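Only the coordinates and a few stated rules stand behind these numbers; no lab work does. Treat the numbers as computed from the prediction; the structure is a model and nothing was measured. Heads up, the Cβs are rebuilt from the backbone with ideal geometry, glycines too, and the neighbour counts pull from every protein chain shown.
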Amino acid sequence: MASSLMRRPDPDELLRKVQAQEERERRGKLKVFLGYASGVGKSIRMLDEGRRRRERGEDVVVGATQLEATPEVKARLEKLEVISLRLVDGSPVMDVEAILERHPQVCLVDGLAHDNPAGSLNPHRWQDVEQLLEAGISVITTVNLQYIEEERERVAQIRGREVKESVPRAFLTRAEEIEVVDASPEACLDSEEEGGAAESDRQRRQQQLSQLRELALLLAADVVDRQLERYLQEHGIAQVWSAQERFLVWVTGESDAALMLASGRRNSLRFHGELIVVYIDRPDRSPVERDALQRNLDLARSAGATLEGLDGEDAVATVLAFARRRGVTQIFVAHGSHSDWWDRIFGGRVDRLIRDANGMDVRVFPH
Amino acid sequence: MAETVPRGRLKILLGYAAGVGKTYRMLEEAHALKRQGVDVVVGYFEPHGRKDTIARLEGLEVITRRQVEYRGVRFEEMDTDAVLRRHPQCCAVDEFAHTNVPGSERAKRWEDVHVILDAGIDVITTLNVQHLESLNDQVWQFTGVRVRETIPDWVVQQADEVVVVDLPPDALLNRLRRGAVYSPEKARVAAENFFRESTLATLRELALRQTALEVDSRFTAQEAQAPPEVSAGSAAAAETQDKILIAVSADPASAALIRRGKRVADYLKAECFAAFVHSGADLADLAPEERQAVDKHLNFARNLHIESRVLRATDIAQGLVDFARLNRITQIFVARPRKQPRLGRLRPSVVQEVVRLARDMQVTIVAERRRPDEARAQG
């Protein structure tokens, strides 16, 4: 690839790659349709994909559907083979055994976050799906953002109520494919209610939906980023660009880092980017500087930042090499305590950083 | 005086590559509107020879395109006047970023769309993320393609809705191989540029993040208008207000600097200014090519809706920093000089001077983005 740097993989890496490849070929493939609310059209998209695959000659069955199907869903189900849900204590459960026995190439599973009643094969439907994948059956499924374990709390804050069921985010990250089913909040609202709702309710609901939508898009972007990383690793490609902003804050003992850390945090929040705080970990500094550095590091820690201690004779070169390796897009640094004439004669830390930071922005903060 | 009509609503279907299904989705939405009884027409539609998409056109009214001749070749463009005469409630317009053939009334399709919106007609349109002006350098960096048909970000920000049309790269590559996107020859060429799996994944991530940003800014705008009890509190917005100043010069790096500064300003919801500091008495003192370059950069900034000025000062860095202090700028953006002054050289560069003088604010030195192969070649 012209746009990436190739490097020679070491034998261990090669072995891992081969094993990963074999594992992937054996297992079924997982595809997830992710939506931010009900009514965005996840089920329809899943069923349409099932129909298309069937037309292309794949052996497709429907393993689980929503209990109350809309006419649009019903019409699509009629054209597909459906393995009925079993009722356990009046609750619908996907019939994993029947599906395993039928052993199709592809199984469609609506509502990934569904919980099974006590006495079922697995407590959660996503575990049922895992079992199908293990057996070499590919699964196409749907999930609503509010059921992602790690997002539940934030969603609850927005919606004011919490859901019981959940799917771990790692399960999604492992999916071969994730596809966002996006629609404007207005469209969801229209399907949610048949008019009637007060205008203020509608407005509040619309804002909630916008927030949920943003979360879903960012979650999908993160999953795509993770997949991309995996792909590059497996193909031995070191990619030097990224769609994600990464902020590196270089903390020293020469100046107070409070402003820089606050700004780094705010920027990483706004850009939904990564924030990395680095410092040069060397014994040869004065006690005063040592204390100052320690204070700054405590500050960074309490702000919840990831700290990386770097070691190198040449501080500027060390920080830059690290930044390059991690795909950093912006470096935050503060003015040093030296006077102007010192910097002019010896070339200050900041000057050198600016000069050598190829391809990365440098933001210089007040002393 | 003409009667003022409420402006039409603009909806953008945002994708990350040709073939993800934007046009198809646009036609689906047109059909759905028609079923609801909305008077909808197709103002412009780019078939790309895709069978599925062409089939979706059935049952929709299409406005005949305008024939334009340019240098002996016939081109077809959207007939904006015909759309206005027909005056539907909603008009579907493919390829928002398209550049019209020279000699057309308006240079860009998005300008045609604005005329249609001004007439009170709703518009649904399609756009790929790489056409956004602020992403131009990034996209070039990882695709090697300099996208020429760009669209200023504010045009997209003004849309009432931005919806992402998503498709995993695997599925898109399958479509490409089946010949559902391009003819075989074109598909091979495409596969070498935009259609590498890693490139597609990066573009896709950009599209998802961009849509999240669009959702967020609309949400925050709504929140600002809404009464306080409705406000659910998007934490970051309430904090410190940034104000950004971009230092423009004749250096060609100014264009990338402006894009970068504006993008950061958009993310931080900051006000954004651009300034060129001139040390002579009059702009006319500049060498013609230098003056042309400065004008070009200032116009570019204005097109991106950045307030731009020419300042006069004997010392460029001092003039810039004085202006920044006077206007309570929190962050100055400067371009990293191409030729770096030697260590300890007595006369420091403008960048060094700005960094030294503006010790009370943040100074961001924007590095030129280079392609990895280029960076390697140059060490």
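Values for this structure:
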{"quantity": "Whether the range B:28-102 is rounded, prolate or oblate, judged on the alpha carbon gyration tensor where a/c under 1.5 counts as rounded", "calculated": "oblate"}
{"quantity": "Distance violations [Cα-Cα > 32 Å] among B:K22/B:K296; A:K29/B:K108; A:K29/B:K262; A:K29/B:K269; A:K29/B:K22", "calculated": "B:K22/B:K296; A:K29/B:K108; A:K29/B:K262; A:K29/B:K269"}
{"quantity": "Highest-MSF residue in chain B out of B:L203, B:L27, B:L326 [GNM, Cα springs under 10 Å]", "calculated": "B:L326"}
{"quantity": "Percent of C-alpha pairs per 5 Å bin, the range B:240-372, short to long", "calculated": "2, 11, 21, 24, 23, 13, 6, 2, 0"}
{"quantity": "Bins of 5 Å, starting at 0 and running to the largest distance - Cα pair percent for the range B:10-220", "calculated": "1, 7, 15, 18, 20, 18, 13, 6, 1, 0, 0"}
{"quantity": "Footprinting exposure proxy for B:Y70, A:Y36 (fewest neighbouring C-beta atoms within 10 Å first)", "calculated": "B:Y70, A:Y36"}
{"quantity": "Among A:Q208, A:Q227, A:Q157, residue whose mean-square fluctuation peaks in a GNM of chain A (springs only between Cα atoms under 10 Å)", "calculated": "A:Q157"}
{"quantity": "Cα-based equivalent ellipsoid of the range B:49-92: semi-axis lengths in Å, sorted from largest, via gyration tensor", "calculated": "22, 18, 6"}
{"quantity": "Cα-Cα separations in chain B greater than 35 Å, expressed as whole percent", "calculated": "36"}
{"quantity": "Antiparallel %, DSSP beta bridges [both residues in the range A:5-237], to 5", "calculated": "20"}
{"quantity": "Viscosity 1.002 mPa s, 20 °C: Kirkwood-radius Stokes-Einstein D of the range A:5-237 over Cα pairs, µm²/s", "calculated": "112"}
{"quantity": "Fewest-first sequence of B:R209, A:R102 by Cβ atoms within 10 Å of each Cβ", "calculated": "A:R102, B:R209"}
{"quantity": "Semi-axis lengths (Å, descending) of the ellipsoid that matches the C-alpha gyration tensor of the range B:40-155", "calculated": "25, 17, 16"}
{"quantity": "Sorted largest first, extent of the range A:246-365 alpha carbons per principal axis (Å)", "calculated": "39, 31, 24"}
{"quantity": "Excluding exposed DSSP-loop GluC sites (Glu not before Pro) (at most 10 other C-beta within 10 Å), longest clean stretch of chain B", "calculated": "B:59-379"}
{"quantity": "Relative frequency of Cα-Cα separations exceeding 51 Å in the protein assembly as shown, percent", "calculated": "18"}
{"quantity": "Burial ordering of B:C90, B:C272, fewest other beta-carbon atoms within 10 Å first", "calculated": "B:C90, B:C272"}
{"quantity": "Within a Gaussian network of chain B (alpha carbon springs, distance under 10 Å), most fluctuating of B:A18, B:A281, B:A301", "calculated": "B:A281"}
